[in-house]
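Take a look at the structure set out below.
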């Protein structure tokens, strides 16, 4: 890499460290860090979830996947059209429930509601699912 590239990487890292330091000064506990001290409005939380789901890669790769890849087409389009409906359901019905619950994560909520074995089991299932997911599942044009 050229010198200018290293300068940009260093500047980026320093900017991230500075922003983290400034933001971290007002945080007193984990709830402040992960939940904004529960001072964030429900619609802002819902909008954040929506933005997290609809990323640039989704907007760029989904149309190509539907049009080009075998197994795409209308079957995959149905899935892509269902995502906004699922997000709307989550924003309207689930965000208020989880917002009023104590705890920081879904796993903390599950532990409080159903006990530690359920939390550990679902955590293990999630980690196994993520580790076994195929790398080419959503890459347009990838060979099966």
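Mind ranking 41-52, 20-31 by how tightly packed they are, going by the mean number of other C-beta atoms within 10 angstrom, highest first?
Output ranking for 41-52, 20-31: 41-52, 20-31.
The residue 27 and residue 102 beta-carbon pair, evaluated with R₀ = 22 Å, returns a calculated FRET efficiency of approximately 0.75. Remark: the chain projects, on average over all directions, an area of 12.7 nm² (convex hull of Cα atoms). Could you put 132, 87 in order, starting from the residue whose Cβ has the fewest other Cβ atoms within 10 Å? In order of increasing Cβ crowding within 10 Å: 132, 87.
Computed extension gain for residue 18 through residue 114, at 0.36 nm per residue and net of the alpha carbon distance, reaches 30.5 nm.
If eta is 0.890 mPa s and T is 25 °C, what Stokes-Einstein diffusion coefficient results for segment 68-130, Kirkwood Rh from Cα pairs, in µm²/s? Using the Kirkwood radius from Cα pairs, D works out to 172 µm²/s. With the convex hull constructed from alpha-carbon coordinates only, segment 1-43 shows a mean projected area of 4.5 nm² over all directions. Relative contact order, whole percent, for segment 1-117 stands at 23, derived from Cα pairs under 8 Å and 6 or more residues apart.
Read-outs: derived from the displayed coordinates by stated rules, not from any lab. Computed from a predicted model, the values in this text were never measured in an experiment. A quick note on method: Cβ atoms are made from the backbone with ideal geometry, for glycine too, and the neighbour counts reach across all protein chains shown.
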